[in-house]
């Protein structure tokens, strides 16, 4: 579609409410997911600190390297 002005672009051929509403809803969902991820990460780190496991896990990760070793260390701590 060819738009001759900014107004025509924003109007989206008469479908502006649907188009911009969809863009807004998608942006809100992405922002909500980012916020939720940050909150869950903080809660997980807080829990690990309370259990005293965070330092041991970080040391194990540095000593061995890699995600597999981190997963094994987390499983040991949970047991």
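The values are calculated or read from the model by the stated rules, or taken from the named source; none is laboratory data. Every value quoted in this text rests on a predicted model; they were computed, and no experiment measured them. Note that we place each Cβ from the backbone using ideal geometry, even for glycine, and neighbour counts take in every protein chain shown.
So which residues in the range 1-20 are in a loop (DSSP other than H, G, I, E, B) and surrounded by 10 or more Cβ atoms within 10 Å (Cβ to Cβ)?
Correct list: 3, 15.
With respect to the numbered conditions (1) at pLDDT 80 or above; (2) assigned to a loop (DSSP other than H, G, I, E, B), which one is the sole condition not fulfilled by residue 23?
Among (1) at pLDDT 80 or above; (2) assigned to a loop (DSSP other than H, G, I, E, B), residue 23 violates only (2).
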